[in-house]
Amino acid sequence: MSWINWPVLARQAALIIVPVLLAKVSLPASIVSAISEPAIEVVSAAMVIAGAWIVGWVVWIGQRREQPAAKIEAVAALPEVRAISLNDADMAADIPSGKVIP
């Protein structure tokens, strides 16, 4: 299964699973009866915030990993690389390195 990009698939699954799990999760009846209504609201809000943070983190990782110009610039900075030839002249112009040529 080399045709599957596993990191991308894992990020996509997390973007689906986290909100679904948060929608399905409820506080046990023993906890609900033991704490007051405002505390239940705080716990529920904390769960929603945690889920939103996880989804945002997954999106941030995906955006960071899918930036080819940054990857090319990092490779061009390596001392053992003499030149990188790109087919896209616009991308080559956007990368501030003398080693990147269109």
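Coordinate-derived values only; no laboratory data. Small disclaimer: the values here were computed from a predicted structure and weren't measured. Here Cβ is always computed from backbone atoms with ideal geometry, including for glycine, and neighbour counts include all displayed protein chains.
Structure values in brief
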{"quantity": "Hits in the range 62-81 (condition: under 22 Å from N5 (Cα atoms) and in contact (Cβ under 8 Å) with a residue 24 or more places away in the chain)", "calculated": "G62, R65, A69, I72"}
{"quantity": "L22 surrounded by 13 or more Cβ atoms within 10 Å (Cβ to Cβ) and under 30 Å from W6 (Cβ atoms)", "calculated": "yes"}
{"quantity": "The range 53-85, subset assigned to a loop (DSSP other than H, G, I, E, B) and of a type in the set (D, E), residue farthest from I16 (Cα to Cα)", "calculated": "E80"}
